[in-house]
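These notes concern the structure reproduced below.
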Amino acid sequence: VHGILNIIGWGTLLPIGVIVARYFKQFPIKLDPCWYYFHYSCQVVGYILGTAGWGLGLFLGHESKYYTFHSHRVLGICIFGFTTLQILAFQFKPTQEDEYRKHWNVYHHFLGYALLVMIPVNIYKGIKLLKPDNITWKWTYNGILVLLGVVVLAFEIATWAVFLYKKCCKKTVEESSPRRVEIEEDNKGQTNEGSSPRRVEIEKDNKGQTNEGSSSRRIEVQECFDS
C-alpha cells in the first residue's frame with residue numbers, strides 16, 4: 001500500500017501536473033484557464049496520496065526493529081517537505097503585476113523540476129527493498145515512466161514544430177513586404193541651400209518586378225529649380 005500510494009500520488013500525478021503546466025499554459029496548446037485547474041488538481045490529489053503513503057512508510061519504519069533504510073527515509077522526508085512547499089506556494093502566489101512574481105516563478109519551477117528527479121530515484125530505492133519480488137513493481141513503474149516520457153517527447157516535438165512554423169511564416173511575410181527607398185538630392189546629386197530636393201520613392205517586390213497581385217513599383221520624382 002505504501003508503494004502504490006507513492007507511485008500513483010508522487011510518481012504519476014505530480015509529473016502529469018507538470019506536463020499540463022508545461023504544454024497547455026501557452027505553447028503549443030493554450031487552454032487558459034483550464035490548464036491551471038487541472039494542474040492544481042493533479043498536484044493536490046497527488047500530494048494527498050503521496051502524503052498518505054509517506055506517513056505509512058514512517059509508520060512501517062518505526063515498527064521495523066531489524067531494518068533501517070536511511071537514504072530512502074531521508075529522501076522521502078525531503079520529498080514531503082518540498083511538495084508541501086509547492087502546495088503552500090499556490091496559496092501565496094503573487095499576482096501577475098507583482099514585482100516578486102518572477103522570483104516566485106523561478107522558485108516554483110526549480111523546485112518542481114528538482115522533485116521530478118528525486119521522486120523516481122526514491123521510488124526505485126523503495127522497489128529495490130522488495131527483492132527478490134520486485135520485478136513486477138520495477139517493470140510497472142518503468143512502463144509509467146516510459147509512457148510519460150513518450151508524451152513529453154511528442155509535446156516537445158509539437159512545440160518546436162509550431163514554433164519553427166510560426167517563425168518561418170513571420171519571416172516570409174516580412175520578406176514579401178514592399179521596400180521603400182527615399183533619396184533626396186538636387187539636380188547635381190547634392191542638396192544645396194536654396195534648391196528644393198528631389199525625392200525618389202521606390203516600392204518593389206523581392207524580384208524587382210511588378211506583377212498582378214504583387215507589390216507595385218512606384219517612382220515619384222519631385223524637383224524644383226532655383227528661382
*Pair F38, K65: separation of 7 Å Cα→Cβ label points (nm)*: 5.1 nm
*So between L147 and A161, what do we pick up on full extension, going 0.36 nm a residue minus the alpha carbon distance?*
2.9 nm
*Set the Förster distance to 41 Å, then compute FRET efficiency between T140 and T95 from the Cβ-Cβ distance, nearest 0.05.*
0.45
_Intensity falloff of the range 1-174 expressed as log10 I(q)/I(0), Debye formula with alpha-carbon point scatterers, at q = 0.09, 0.10 Å⁻¹_ = -0.39, -0.47
*Pairwise label distance in nanometres, I77 with I19, each label 7 Å out on the Cα-Cβ vector*: 3.3 nm
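Going from most exposed to least, what order do W10, W54 have by accessible area with a 1.4 Å probe? Present the calculation step by step, with values, prior to reporting the outcome.
On the way: W10 10, W54 50 Å².
In descending accessible area the options line up as W54, W10.
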_Average accessible area per residue (Å²) across the range 1-174 - probe 1.4 Å, nucleic acids and ligands excluded_ = 66 Å²
*Any chance you could list P(r) for the range 108-173, counting all Cα-Cα pairs in 10 angstrom bins from zero, rounded to whole %?*
17, 29, 25, 16, 9, 3, 0
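With all protein chains present, how much of the accessible area of the range 1-174 (probe radius 1.4 Å) comes from carbon and sulfur, to the nearest whole percent? All intermediate terms of the calculation are to be shown ahead of the outcome.
Working: 8270 of 11510 Å².
Within the range 1-174, the accessible surface is 72 percent carbon and sulfur.
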*List, in the order given, every pair from K25/K138; K65/K138; K30/K166; K25/K102 whose Cα-Cα distance in the structure shown is over 22 Å.*
K25/K138; K65/K138
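The values are calculated or read from the model by the stated rules, or taken from the named source; none is laboratory data. Predicted model, so just to flag it, every value in this text is computed and none were measured. A quick note on method: Cβ atoms are made from the backbone with ideal geometry, for glycine too, and the neighbour counts reach across all protein chains shown. In case anyone asks, the SASA skips ligands and DNA or RNA and just uses the protein heavy atoms, side chains included. Shrake-Rupley method; radii C 1.70, N 1.55, O 1.52, S 1.80 Å.
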